[in-house]
Amino acid sequence: MIKELFAVNVFDGQTILKNQLIQAEHGKILSLTTMDAPQNVPIVQYLSPGFIDLQINGGNKTFFTQKPTVESVKDIDLSCNTLGTVWTLPTLTTSPVSNIKEGINAIRIFRENHPNTGVLGMHLEGPFISPENAEAILQNMYNNQLMMY
C-alpha cells in the first residue's frame, strides 16, 4: 500500500526541497513531487533523514552503566531525538553480571512500554574478558562478577 505525506521542507542530505509530496511503500520512498499541499494528506513542516547511534553511553542526565534503569533509557531516547538521532543502542560498558541483567531488563521494559521507540536494543561491551588481557582497572571486578572464558 502506498502511503503519502506532504512536507513543506525536505532536507535530502544536500538541499532543502520545498513543498514535497512524498510517496512511500514498505518503508521506501518511491517519489518526491513538488506541488501545493493536497487535501487529506498528513502535512509536516520539516522532514530529514535521521541518524543512528549504535553505542551511546548516556543522555542529558544519566550514564546507563551507572544507572541501568528505564529512566536512563528514556533519557537517552529523548536526548537523542532532540538532536536528530532516531535509532539508538544504549550501551553498558564492562560491568558486573548484576548490572548487565538490570540493563537488559530496563531495555526490555522500556521497549514494551514504548513499542514505537527508536531504542533498538542494547550494546553490551564485554562481558567475556580474558583475565590474561584485562586492563588493571578491571582487576577488582574479577571475583566472579564478570563472565570469564
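Summary of computed values
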quantity	calculated
Per-residue Cβ neighbour rank within 10 angstrom, fewest leading, Val119, Val8, Val73	Val8, Val119, Val73
Least to most buried among Asp77, Asp36, Asp12 (fewest other Cβ within 10 Å first)	Asp36, Asp12, Asp77
Nearest-0.05 FRET efficiency for Ile109 and Phe63, computed from C-beta distance (R0 22 Å)	0.70
Burial ordering of His123, His114, His26, fewest other beta-carbon atoms within 10 Å first	His26, His114, His123
Simple spin-label estimate for Asn19 and Trp87 in nanometres, 7 Å along Cα-Cβ	3.3 nm
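Every number here is computed from the coordinates shown, using simple stated rules; none is lab data. Computed from a prediction, not measured in an experiment: that's the story for all the values here. Note: ideal-geometry Cβ built from the backbone for every residue, glycine included; neighbour counts use all protein chains shown.
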